[in-house]
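See below for the structure under consideration.
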Amino acid sequence: MSEISLLLVDDHPVVRNGLRGMFESVPGFTVLAEASNGVEAIELAADLDPDVILMDLRMPGGGGLDAIKELSRRGARAKVLVLTTWDTDTDTVPAIEAGATGYLLKDAPRDELFTAVREAAAGRTVLSPAVASRLVSAVRTPAPSPLAPRERQVLALVAMGTSNREIARELFISEATVKTHLSHLFTKLGVNDRAAAVAKGYEQGILGRD
């Protein structure tokens, strides 16, 4: 297997030096360059075309998230493996959505880091256990409904095939008010008719909630 070329991106020189020493101490890796922020990383990636970029997230002068987005926009060949101390939802999910191949924390054992880089170079997703748990929780937690409670009631009745007149009678409101609620929920769901609204309601988990 050919050597995996690396670009190290971190605003702390000590961290970069430590990573360089680790990867240069074993065969199979070559460190092409180091960058202290995301802006430098983008420029070096364009010039050097590394296989894997080890990317910190929060850096003065250009954060890792913006760099990942720009690298994705440019269609960079390099796989980005986030290596950071931050594992909050506001960091992990956006980084993966932006195009990062993997996400590890800086307390990962060196062998785990070596394996992660190899996996990333091969195009496989790599996540630390803590980050994987957060992502699973984020996926399993339903997004809040965009509809007001009354609009959800109206949509539920529409899904049951209830007419506007029957909805008005059921909810003790006027038909004009029913039409207003329908207009509002159509707009919020981005649809134009009752059938599409019901389909979107099930798709977004608004219908079928407990």
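The values are calculated or read from the model by the stated rules, or taken from the named source; none is laboratory data. It should be emphasised that the depicted structure is a prediction, and the values quoted were computed from it without experimental measurement. Using ideal geometry, Cβ is built from the backbone for each residue, glycine included, and neighbour counts are taken over all protein chains shown.
Of note:
Here is a yes/no grid of residues against (1) closer than 30 Å to Asn37 by Cα; (2) in a strand (DSSP E or B); (3) at pLDDT 90 or above:
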{"position": "Ala67", "(1), (2), (3)": "yes, no, yes"}
{"position": "Val117", "(1), (2), (3)": "yes, no, yes"}
{"position": "Pro146", "(1), (2), (3)": "no, no, no"}
{"position": "Arg152", "(1), (2), (3)": "no, no, yes"}
{"position": "Ala156", "(1), (2), (3)": "no, no, yes"}
{"position": "Ile167", "(1), (2), (3)": "no, no, yes"}
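- Only residues that are in contact (Cβ under 8 Å) with a residue 40 or more places away in the chain and out of contact with any Asp or Glu (no Cβ under 9 Å at 6 or more places or on another chain) were counted in the range 89-113, giving 6.
- In the range 187-210, the residues that are aliphatic (A, V, I, L, M) and in a loop (DSSP other than H, G, I, E, B): Val191, Ile206, Leu207
- Some residue of the range 23-38 being more than 23 Å from Thr115 (Cβ to Cβ) and loosely packed, with under 14 Cβ neighbours inside 10 Å: no
- None of Asp91, Asp107, Asp51 is closer than 20 Å to Arg124 by Cβ, acidic (Asp, Glu) and assigned by TED's automatic domain parsing to the domain that holds Ser133 except Asp51.
- Flag: Asp49 does not match the condition of being of a type in the set (Asp, Glu), in contact (Cβ under 8 Å) with a residue 24 or more places away in the chain and surrounded by 20 or more Cβ atoms within 10 Å (Cβ to Cβ).
- Test for Arg124: is it closer than 30 Å to Pro27 by Cα and either in contact (Cβ under 8 Å) with a residue 40 or more places away in the chain or small (Gly, Ala, Ser) (or both): no
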